[in-house]
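Contents: one structure, followed by commentary.
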Amino acid sequence: MSKINARIPEGPLAQKWTNYKDHQKLVNPSNKRKLDVIIIGTGLAGASAAAALGEMGFNVKNFCIQDSPRRAHSIAAQGGINAAKNYPNDGDSVFRLFYDTIKGGDYRSREGNVHRLAEVSNSIIDQCVAQGVPFAREYGGLLDNRSFGGAQVSRTFYAKGQTGQQLLLGAYQALMRQVNLGTVTMYTRTELVEIVLVDGKAHGIISRDLVTGELQRHFGHAVVLATGGYGNAFFLSTNAMGSNGSALVKAYQKGAMFANPCMAQIHPTCIPVHGESQSKLTLMSESLRNDGRIWVPKKKEDAEAIRSGKLKATQIAEENRDYYLERRYPAFGNLVPRDVASRAAKERCDAGYGVGATGLAVYLDFKSSIERLGQKTIEDRYGNLFQMYEKIVDENPYETPMMIYPAMHYTMGGIWVDYELQTTIPGLFAAGEANFSDHGANRLGASALMQGLADGYFVLPYTLQNYLADEIHTKRMTTNEPEFVDAERAVKERFAQLMGIKGKRTVDSLHKELGLVMWDFVGMGRNKKGLEDAIQKIAAIKKEFWTNVRIPGDQSGMNVELEKASRLADFIEIGDLMARDALNREESCGGHFREEYQTPEGEALRQDDKFAYVSCWEYKGEKQEPELHKEELIYETVKMVQRNYK
Amino acid sequence: MEKLINLTLKVWRQNGSKAKGRFETYKVNNVSTGSSFLEMLDMLNEQLVNEDKVPVAFDHDCREGICGTCSLYINGRPHGPDDDVTTCQLHMRKFTDGQTITIEPWRSTAFPVIYDLMVDRRAFDKIISAGGYVSVNTGGVPDANAIPIAKADADEAMDSASCIGCGACVAACKNGSAMLFVSAKVSQLAMLPQGRIEASRRAKAMVAKMDELGFGNCTNTGACEVECPKNISLSNIARLNREFLYAKFQD
Ligand SMILES: Cc1cc2nc3c(=O)[nH]c(=O)nc-3n(C[C@H](O)[C@H](O)[C@H](O)COP(=O)(O)OP(=O)(O)OC[C@H]3O[C@@H](n4cnc5c(N)ncnc54)[C@H](O)[C@@H]3O)c2cc1C
Ligand code: SF4
Ligand code: FES
């Protein structure tokens, strides 16, 4: 038997999840209290899981690196969350949401998982409304919807441009209610630094108190990783500064497979890079593409004049503008999926039509919408985003078009999980952006929030319980077991090694170097030669890091540079895996674009006969290359076709 | 247009919660006016590490004004000289060449300093934990459209819900009161039918917790509203007072 078994329940697609729930094992109420669940992360996935499992009566320990669970990176999500409610009566259904997600993911995700996601999507909206999430409403008092890329229906629920914030606060409040009731214990400013296995099962963690520097041991009957994505391997991304891939690397090095690491999403609408000291990139929500039109000048000389400051966007006449998405993709226009929109922007800029001082920007223009709907409506829909833009760029987007450019945004890849969200390590689960499960090669807008909350509120409470039902005989361990002692020692040694390097390079300077390699070779356009070079360059950065990084201060007490160094060491591992995976995948699909594999029109060309599988990478030790395992993707309901947004 | 400016920084350094703090003076040159304030601090830290000195610790995460993590007191104002922004959204174009900038942590009894510019704001979590939620469990709730809510109410609830929990209101208040923060949550939930049922109980529990944790009394100075980066309105405090009185009346 292969090590990879997705364990999709039997039966017709639409019955699988119901069948599963009907037959899963349950834990009786008095036993729940005796079972400890460790949940790492308080984003949508972690907070919702912790709250739901606490409500059920399990004894939950929940960790995050921020000073409060409410500050997890999910808070920054802007545009919205999808569900198949079909409130606007525009032909939506569970099947259509399922189908759009599979197609949007370019046929590289699992039918079973995605159908379950679409099924539970409606319950999420009900739950959030019951919690007091103030979604946008119509004058009649019912919920309002907007459209997002990759869909021809309006199924996105939103709370101004702050949907992630409101959903996370809903989950956070549910979580704090459980803290008050004593079912959940919160550990803030505490970072997971190692996973502890006992007899091959995940049974605890070693954490570091970021204020005191102290290492702590925690026992759990199961461990859930909900630590978000690893996009910050690129240094510059739309992710929060603290977003990191370290928990995933710990899991990987303990034997969990890393799935599709190269599947990363470059978001088309971000504020362009302004200079050397840039520390992160700011997203301008995809929802803006509902009312904004993307263009560059039709004539190269106009583009040049704009770049040198001689012409302004508003001086370019209508007939001299190239609305290239509307031109190339008349059916979806400005609402093509993200990967398509990003590549189209890169194509125009590479061809010399880019704007802004660097030439690495395109326009997102609201002029016709303002004329059609009035400034007030646009302000209602996107006011906070326009304000954010103005504060950063110092230009008024109601008057001049916004300038945008693609940036690293989201990672579809992550720790491999089966249908139950369990990794290849028994007792270790992964949820939210941290797992690879539902988005294939490209995630549709407003589907990450849906997946995070689906995993936490509606999937893990069942599947984790199914696992824990067999754990009631495992007694709570003391953390003096040799496995805990050894794990803590290994962590101490690693930190001591980092502190002992005493080199000359700052962590950030090395991270920026890694980021440039990732962006140039493992970014929007990839090819064999570039990826091979990238692997060499990353190895060189790794060597430089481990011999020449400088971390002032010491291990005890607060040491922000040490935290960053430890996370960078893990990003280097992830960068290497991303490049390897991209090199192996000799096809273009979704966000993974291999220049060698494209149609004559420049669209992604999949190789279904060779690559209709999930790449699962197994760690083989520091000195050896990882081993590739394949999970074949079997499509029983949907027929694989070339995506067509024309 | 962007230009480069040189700055003198007076930064509060404190080596742990029990240590005595002090101001240190640093020079940072060639800062682009297009950079953010925190990017300017990144430059300072890069400089310090290169000199083998311990960099300045400050809280930050999203760097786009939504997570509420950043928390600096800049030249005597929480979140600095620009209006309606958090520290991370503050840009260097608000400063001039040669300027001296004083950077301190939030100063308030309920938010003790833990290191340099970082403070402990867990008291806010404790207040939410005391009642800042609707008591529903996961699953088994009615359809989302079962109860229509007037758009105006939903919009107003949304405005109150935009509080990011940064604590600038507390830092700005001479009494160190958390009324703006507490009232924003109480109002949001009281305005929605789902939260209305527990409104008075919630108000009482959250205010009691706030008092217990060492936040001061509200004397209506309005400093909180001025410094709040999210424009949370004083009218929330009026609504909280109503809920609170109603709760007392019921007792
Ligand atoms: C700017 C932006 C806008 C977005 N907008 C949308 C949108 O409109 N719609 C949509 O569907 N999606 C959107 N997304 C994507 C979506 O927000 C994320 O994919 C999703 O929120 C991830 O949630 P999560 O719970 O998996 O992880 P996160 O929210 O990233 O949470 C991770 C948690 O793990 C903790 N953690 C991490 N490492 C450790 C460790 N080692 N030890 C302890 N704790 C740790 C962190 O403290 C945090 O609590 C957006 C993303 C960005 C960047
Ligand atoms: S009320 Fe305003 S200042 Fe106070 S915590 Fe909320 S957002 Fe910050
Ligand atoms: S860092 Fe998130 S609000 Fe400033």
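Computed over the range B:121-250, the P(r) curve from all C-alpha pair distances, binned at 10 Å from the origin, holds 13, 44, 33, 9, 1 percent per bin.
Counted over chain A, the DSSP beta bridges are approximately 70% antiparallel. The helix-based estimate of mean residue ellipticity at 222 nm for chain B, built from -39,500 (n - 2.57) per DSSP H run of four or more residues and divided by its residue count, is -10500 deg cm²/dmol to the nearest 500. Full extension of the chain between A:Lys300 and A:Ala540 yields a length gain of 82.5 nm, computed as 0.36 nm times the residue separation minus the alpha carbon distance.
When only C-alpha pairs under 8 Å and at least 6 residues apart count, what is the relative contact order of the range A:267-408, in percent?
Values: 215 pairs, mean separation 48.7, N = 142.
Relative contact order comes out at 34 percent.
Here the peptides A:408-416, B:68-76, A:114-122, A:428-436 are ranked by packing, the mean other Cβ count within 10 Å, and the order with the highest first is A:428-436, A:408-416, A:114-122, B:68-76.
Our note on the geometry: Cα centres of the range A:263-308 and the range A:349-385, 9 Å apart.
Among the listed pairs A:Lys3/A:Lys250; A:Lys160/B:Lys10; A:Lys16/A:Lys160; A:Lys298/B:Lys3; A:Lys512/A:Lys623; B:Lys126/B:Lys151, those whose Cα-Cα separation exceeds 28 Å are A:Lys160/B:Lys10; A:Lys16/A:Lys160; A:Lys298/B:Lys3; B:Lys126/B:Lys151. Normalising the average separation of contacting C-alpha pairs (under 8 angstrom, six or more residues apart) by the number of residues puts the relative contact order of chain A at 21 percent.
Rounded to the nearest 20, the Cβ-based charge dipole of the range A:482-604 about its Cα centre (Lys and Arg +1, Asp and Glu -1) stands at 600 debye. For the range A:619-634, backbone phi angles converted through the Karplus equation (6.51, -1.76, 1.60; θ = phi - 60°) give residue-by-residue couplings of 6, 10, x, 4, 8, 10, 6, x, 9, 8, 10, 10, 9, 5, 9, 10 Hz, Gly and Pro being listed as x.
When only alpha carbons are used to place a centre, the range A:39-72 and the range A:595-646 end up 33 Å from one another. What shape does the range A:315-358 take by its C-alpha gyration tensor, where a ≥ b ≥ c are the square roots of the eigenvalues and a/c under 1.5 counts as rounded, a/b above b/c as prolate, and the rest as oblate? It comes out oblate by the Cα gyration axes. From most to least packed by mean Cβ count within 10 Å, the peptides A:391-400, A:93-102 give A:93-102, A:391-400.
Place a label point 7 angstrom from the Cα of B:Gln250 along the Cα-to-Cβ direction, then list the residues of the range B:194-214 whose backbone nitrogen is under 19 Å away. Counting only backbone N, you get B:194-210.
Is there a simple number for the mean count of other chain Cβ atoms within 10 Å of the Cβ of residues in B:50-62, and what is it?
Working: counts 6, 1, 5, 2, 8, 8, 1, 5, 1, 4, 5, 14, 15.
That average works out to 6.
Taken one residue at a time, the phi angles of the range B:124-137 give Karplus couplings (6.51, -1.76, 1.60, θ = phi - 60°) of 5, 4, 5, 5, 4, 4, 6, x, x, 7, 9, 7, 10, 8 Hz. Gly and Pro are set to x.
Given axes a ≥ b ≥ c from the Cα gyration tensor, I'd like to know whether the range A:1-151 is rounded (a/c under 1.5), prolate (a/b larger than b/c) or oblate. Oblate. Along the range A:289-304 the Karplus relation, 6.51 cos²θ - 1.76 cosθ + 1.60 evaluated at θ = phi - 60°, assigns HN-Hα couplings of 6, 5, 10, x, 10, 9, 8, 9, x, 6, 9, 4, 5, 5, 4, 4 Hz to successive residues, with x for each Gly and Pro. Near A:Val224, the amide H atoms lying under 5 Å from its own belong to A:Ile38, A:Ile39, A:Ile40, A:Phe429; only residues 5 or more places off or on other chains count, and H is placed 1.01 Å from N. Only helices enter the 222 nm calculation for chain A: every DSSP H run of n ≥ 4 contributes -39,500 (n - 2.57), and dividing by all residues gives -11500 deg cm²/dmol, rounded to 500.
The value for the range A:267-408 of Rg(Cα) / (2.2 N^0.38 Å) is 0.97. Among residues other than B:Val182 with Cβ under 12 Å from its Cβ, the summed charge is +4 (Lys and Arg +1, Asp and Glu -1).
Percent relative contact order of chain B, based on C-alpha pairs within less than 8 angstrom and at least six residues apart?
For chain B, the relative contact order is 19 percent.
Counts of other chain beta carbons within 10 angstrom of each beta carbon in peptide B:150-156 average 5.
Note on B:8-19: average number of Cβ atoms from other chains within 10 Å of each residue's Cβ is 1.
In what sequence do A:Leu283, B:Leu41, A:Leu13 fall when counting other Cβ within 10 Å, fewest first? Walk me through the numbers before you get to the answer.
Details: A:Leu283 26, B:Leu41 23, A:Leu13 17.
Fewest to most other Cβ atoms nearby, the residues stand as A:Leu13, B:Leu41, A:Leu283.
FRET efficiency for the B:Arg196 to B:Asn217 pair, using the beta carbon distance and R₀ = 22 Å, is estimated at 0.25.
By the gyration tensor of its Cα atoms, with a ≥ b ≥ c the square roots of the eigenvalues, what is the shape of the protein assembly as shown: rounded for a/c under 1.5, prolate for a/b over b/c, or oblate?
On the way: a/c = 1.12, a/b = 1.03, b/c = 1.08.
Note, shape of the protein assembly as shown comes out rounded.
Which of the peptides A:46-52, A:16-22, A:58-64 is most tightly packed, and how do the rest follow, judged by the mean count of other Cβ atoms within 10 Å per residue? Spell out each step's value before the answer.
Details: A:46-52: 33.4, A:16-22: 16.0, A:58-64: 25.1.
Highest-to-lowest ranking by the protection proxy: A:46-52, A:58-64, A:16-22.
Can you work out the PRE-style zone for A:Glu601? Point 7 Å along Cα to Cβ, and I want the residues of the range A:255-295 with backbone N under 16 Å. Inside the label zone: nothing.
Read the figures in this text as sums done on the coordinates, not as results from a lab. Note that the structure is predicted; figures quoted are calculated from it, not measured. Backbone-built Cβ (ideal geometry, glycine too); neighbour counts: all protein chains shown.
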